[in-house]
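Comments concern the structure below.
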Amino acid sequence: MHIRVVNPNTTESMTALIEASARAVAGPGVTLDAVTSVMGPASIESHYDEALAVPGLLAAVADGEREGVDGYVVACFGDPGLDAARELASGPVVGIAEAAMHAATLVGRAFSVVTTLDRTRGRAHDLATRYAPAGACRGVHACDIPVLDLGSDPAVVKRVVDLARAALDRDGSDVIVLGCAGMTDLCAAAQAELGVPVVDGVTAATLLVRSLVTLGLRTSKTGEYARPLTKAYGGMLVDFEVL
Ligand code: 2AL
């Protein structure tokens, strides 16, 4: 089974971090690769960034289809371009917010999201209304660390853990969802510190894709996720025509 994890931002070091986490859980019989978008923003932390990250993500999925990839992870917490990627892919495509929020609802009653910048909170709230039962997402909290300043140094871990602890208390939640792919390497330390389930979407989505492929479940092509219609795309998007 070939799983491809797409980092839809253009920062190679972040792809390496994501790949290490995904590989650690992928399990036997899985060929896993992680790819960096060939175009788009260095990090995704606004609606503008999300919109401009989508062409690179779709190019990575189009490449994967030519190479016979069985399933994909969209490794950015805004799940940019997820529905569009499903239209292109024959196998399953899972976003990390989608996987993390679904997993959170399986191991607790209510979760809080800890994310990067305050301006990304609205998107996380929007996704929670799509992925979680009403009331299950009790809050989305920003640590005010930009994506590319995350890392596993103790100061970052402490800031995320302190914010998560306050969120559990204030929200009355019992699970934490990490709201950025760049937090994937903090997950084990945060869970050990907090004593509640801490869900990282990179690992959750990787295992969900593995499960779906193992079950023989592919993206349905009889409805809205059918291949896009063939038509001309203009300007810089000329190569995005789907044949
Ligand atoms: C993210 C993420 O996961 N990758 C990225 O570039 N931005 N999410 C976020 N909330 O800032």
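Scanning the range 74-96 for residues that are within 9 Å of the chain's Cα centre (by Cα) and assigned to a strand (DSSP E or B) gives 74, 94, 95. Which pairs have Cβ atoms under 6 Å, sit 6 or more apart or on different chains, and link a residue in the range 3-22 that is part of a loop (DSSP other than H, G, I, E, B) and among the aromatic types (Phe, Trp, Tyr) to one that is more than 9 Å from the ligand (Cβ to nearest atom) and at pLDDT below 95? Partner pairs satisfying both residue conditions: none exist. Candidates in the range 40-53 are the residues that are open to solvent by 20 Å² or more (accessible area, probe 1.4 Å) and either away from the ligand (no atom under 14 Å from the Cβ) or not in a loop (DSSP other than H, G, I, E, B) (or both); of these, the one that is nearest to residue 148 (Cα to Cα) is 49.
In the set (1) over 26 Å from residue 156 (Cβ atoms); (2) touching a His at 6+ places or on another chain (Cβ under 9 Å); (3) within 13 Å of the ligand (Cβ to nearest atom), the condition left unmet by residue 67 is number (3). For the range 111-123, a residue qualifies if it is buried (at least 17 other Cβ atoms within 10 Å of the Cβ) and more than 7 Å from the ligand (Cβ to nearest atom), and the qualifying residues are 111, 112, 113, 114, 121, 123.
Results for (1) open to solvent by 50 Å² or more (accessible area, probe 1.4 Å); (2) at positive phi; (3) over 17 Å from the mean Cα position of the chain (by Cα); (4) within 13 Å of the ligand (Cβ to nearest atom), shown as yes or no for each residue.
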| residue | (1), (2), (3), (4) |
| --- | --- |
| 15 | no, no, no, yes |
| 19 | no, no, no, no |
| 28 | yes, no, yes, no |
| 31 | yes, no, yes, no |
| 55 | no, no, no, no |
| 72 | no, no, no, no |
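The values are calculated or read from the model by the stated rules, or taken from the named source; none is laboratory data. Note that this is a predicted model, so its numbers are computed, not measured. Because the Cβ atoms are built from the backbone with ideal geometry, glycine has one as well, and the counts that use them run over all protein chains shown. Heavy atoms of the whole protein, side chains included, go into the accessibility calculation; ligands, DNA and RNA do not. Shrake-Rupley method; radii C 1.70, N 1.55, O 1.52, S 1.80 Å.
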